[in-house]
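Before any comments, here is the structure.
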Amino acid sequence: MENSDKRHIAILGSTGSIGTQALEVIDANPERFQVEILTAHSNAELLAEQALKYKPNAVVIQSEEKYACLKDRLFDFGIKTYCGADALADIVETDAIDIVLTALVGFAGLRPTMKAIEAGKHIALANKETLVVAGEIVTAAAKKAGVNIYPVDSEHSAIFQCLVGEFHNPIEKIYLTASGGPFRGYNYEQLKTVLPKNALKHPNWDMGAKITIDSASMMNKGLEVIEAKWLFGLKPEQIDVIVHPQSVLHSIVQFRDGSMKAQMGLPDMKLPIQYAIGYPERLLSDFPRFNFLDYPELTFEKPDYEAFRNLKLAFGAMADGGNKPCILNAANEIAVDAFLNKGLGFTEMSDVIENALQSVYFIEKPTLEDYFETDAETRTFAHSRILEKIG
Ligand code: NAD
Ligand code: MG
């Protein structure tokens, strides 16, 4: 392949779980990709190391304190260095970029993703929070700009893979599979006493801290339900969740003739990452292959909506629409941080989110600006609720 055929990629959040795995995919396919931009929140050491290896055009670090260290390390190598949220939003407009992998975490993904779409860049979307918060505006902007949003989330990648060749066929229903996380089978009373160290141990996936807690509380599945609504243009009643503890059936589409398609594979995020950034081609991989005899039983269960209240709250926020999913997301981000770092109880996270959904003003048709205001307002509200709870 000629150099000019290489896909030029920006990786937002290159030092995280998805970001580092994306770089492994690129290592295995050096003739396919050219790394243009790398960004991180505060891990300047790893970002500098990555920059020296992949020789991007520019790197951006969010943290101002770490900027000097990054700049020093890269000064002699002709790699541009920038710092802060504005630089992150601006850098995605760089002419040379073809595709932006949004592998950063949380609401912070919204602004750079919108900017990238408006600049005509295709998106490989890992940052599900962006679609949860502002799915309507983001998908409309993508349509207007003629850019594609390729899902990286394994469940959504599964649905997308099932839909290739079927885009003209209406979807009757989708089933998102959920592993159930480390507390599958726990009742509400048992969940009250679980600690961060227990919640951080996911049985099947090795991921960043925020999504690992979201998986333990099943908020991750709630966010994914909303993400699926926007990615695939579905009505809430067309989306169902089924617990499948082995995590090899990554999700299922049911068509109007009753036929169902599922995508299977071992749980390895490199597969959906490489499908998203390599689409429409399936790139060669040496990932371990699935062996049916290692999995004599694939099992399925109904989620426990009473114990895992977050899932119910997410379905409710999706049904209410407007800025409710934005409130859900912001309250959850603050609650997860408080659970990990400030002693908030595991089930108290749902209390905070529920209170925020009841208290923060509802906007039926939010603008992009409204989402930023709702996010800020909800964070303030959630902080004060948490202070009341933990003193
Ligand atoms: P992570 O915490 O491991 O990495 C996050 C990356 O984003 C890091 O590079 C960090 O420096 C950067 N970052 C964090 N906050 C930032 C901010 N405010 N501004 C700029 N950069 C920031 O997270 P992860 O597990 O890789 O998850 C990334 C996204 O992908 C999340 O939205 C998550 O829900 C989604 N996702 C992850 C997985 C997985 O297996 N890890 C699977 C599906 C979806
Ligand atoms: Mg997922």
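FYI, it's all coordinate maths here, none of it is from the lab. Since this is a predicted model, take the numbers as computed values, not measurements. We place every Cβ from the backbone using ideal geometry, glycine too, and count neighbours over all the protein chains shown.
Key figures for this structure:
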{"read-out": "Global geometry of region 274-391, whether rounded, prolate or oblate, following the gyration tensor of its Cα atoms and the 1.5 cut on a/c", "value": "prolate"}
{"read-out": "Three-way shape label, region 212-254, alpha-carbon gyration tensor, a/c 1.5", "value": "oblate"}
{"read-out": "Relative packing of 218-226, 317-325, 77-85, which averages over residues the other C-beta atoms within 10 Å, highest first", "value": "218-226, 317-325, 77-85"}
{"read-out": "Leading residue at positive end of dipole, region 321-391 (Cβ point charges), from 335, 374, 359", "value": "335"}
{"read-out": "Neighbourhood net charge (12 Å Cβ-Cβ; Lys/Arg +1, Asp/Glu -1) for residue 121", "value": "-3"}
{"read-out": "Span-like helix ranges in the chain, DSSP H, alpha carbon extent 24 angstrom or more, Kyte mean at least -0.5", "value": "324-341"}
{"read-out": "Within the chain: Cβ-based charge dipole about Cα centre, in debye rounded to nearest 20 (Lys, Arg +1; Asp, Glu -1)", "value": "260"}
{"read-out": "Mean Cβ count within 10 Å, highest first, over the residues of peptides 31-39, 350-358", "value": "31-39, 350-358"}
{"read-out": "Candidate lysines for bridging to residue 121, where Cα separation is under 18 Å - those fewer than 8 sequence places away on the same chain excluded", "value": "6, 143, 144"}
{"read-out": "Residue 178 long-range amide H proximity, modeled H, under 5 Å", "value": "242, 243, 244"}
{"read-out": "Between region 281-340 and region 136-154, the Cα center-to-center distance that results, in Å", "value": "20"}
{"read-out": "Charge tally in the Cβ shell below 10 Å around residue 216, where Lys, Arg are +1 and Asp, Glu are -1, residue 216 excluded", "value": "+1"}
{"read-out": "In sequence order, calculated HN-Hα J values of region 190-195 (Karplus, 6.51, -1.76, 1.60; Hz; x Gly/Pro)", "value": "5, 5, 4, 9, 6, 10"}
{"read-out": "Highest-MSF residue in the chain out of 189, 301, 45 [GNM, Cα springs under 10 Å]", "value": "189"}
{"read-out": "Computed helical MRE - 222 nm, the chain, DSSP H runs ≥ 4 contributing -39500 (n - 2.57), nearest 500", "value": "-14000 deg cm²/dmol"}
